[in-house]
1. Does segment 25-42 hold any residues that are over 18 Å from Glu15 (Cα atoms) and of a type in the set (A, V, I, L, M), and which are they?
2. So how many residues does segment 107-138 have that are part of a helix (DSSP H, G or I) and more than 17 Å from Thr97 (Cβ to Cβ)?
3. Hey, does segment 44-61 have a residue that's over 30 Å from the mean Cα position of the chain (by Cα), surrounded by 12 or more Cβ atoms within 10 Å (Cβ to Cβ) and aliphatic (A, V, I, L, M)?
4. Being part of a helix (DSSP H, G or I) and either free of Cβ contacts under 8 Å to residues at least 60 places away in the same chain or loosely packed, with under 11 Cβ neighbours inside 10 Å (or both): is that true of Ser12 here?
5. May I ask you to list the residues in segment 32-46 that are outside any loop (DSSP other than H, G, I, E, B) and at pLDDT 75 or above?
6. Could you give me the residue pairs with C-beta distances under 6 Å whose first residue belongs to segment 53-72 and is in a helix (DSSP H, G or I), whose second residue is hydrophobic (A, V, I, L, M, F, W, C) and surrounded by fewer than 13 Cβ atoms within 10 Å (Cβ to Cβ) wherever it lies, and which are 6+ apart or on separate chains?
7. Can we say Val20 is within 22 Å of Ile72 (Cα to Cα), in the same structural domain as Glu69 (by TED's automatic domain parsing) and among the β-branched types (Val, Ile, Thr)?
8. If Ile72 satisfies all but one of (1) surrounded by 10 or more Cβ atoms within 10 Å (Cβ to Cβ); (2) among the β-branched types (Val, Ile, Thr); (3) at pLDDT below 80, what's the number of the condition it fails?
Amino acid sequence: MLLAKYTDDIVSLVEKLSSVFDHSNSTMHHLFENASEINEKGIKNILSFYEFNKSRFQQILMQNVYKTESQITYTLSSLQQVLLSDTSHSRKIRCITTNVEKAILDQLFEFEEKPPETVILKVLSKLQAISSDWTAERVKQIQNSNTMIFYTSFEIPY
């Protein structure tokens, strides 16, 4: 309700700004007479921003200030549809590692620490002979993530 006091002032400012942007030489308008920050470059940036967003500015003016148009509202279901349609294109393709590829990858886990780069490259060349989907990053990722998971035995005491 605090804004209700200033509605007339806001409408007046919007109308003045609209007239400034429609003026041929905006730097000479009386609103900017004592503003040291306003120069040709600043006005050029403001005008380009204004032209770019003019339609949205008019929409807000008609919906929120003049209240001559109904406000555009988004429901949760419509937002979810937009989000779902956007994310469907960005899904990653999952590659399933075959048993033959797993047998080749086992060479990486013969070392107690990180295998040498030559071994990684050798494994990579064998994997690329089977499938072109293999990259050095993928081999290193599998080696880093699976070292402790698959090749550590745990005993559960009873």
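The values are calculated or read from the model by the stated rules, or taken from the named source; none is laboratory data. All of these numbers come straight from a predicted model, not from anything done at the bench. When we count neighbours, we look across all protein chains shown, and the Cβ atoms used for this are built from the backbone with ideal geometry, even at glycine.
1. Of everything in segment 25-42, those that are over 18 Å from Glu15 (Cα atoms) and of a type in the set (A, V, I, L, M) turn out to be Ala35, Ile38.
2. Residues meeting the conditions: 6.
3. Scanning segment 44-61 turns up no residue that is over 30 Å from the mean Cα position of the chain (by Cα), surrounded by 12 or more Cβ atoms within 10 Å (Cβ to Cβ) and aliphatic (A, V, I, L, M).
4. yes
5. Glu40, Lys41, Gly42, Lys44, Asn45, Ile46
6. Final answer for the pair search is none.
7. no
8. (1)
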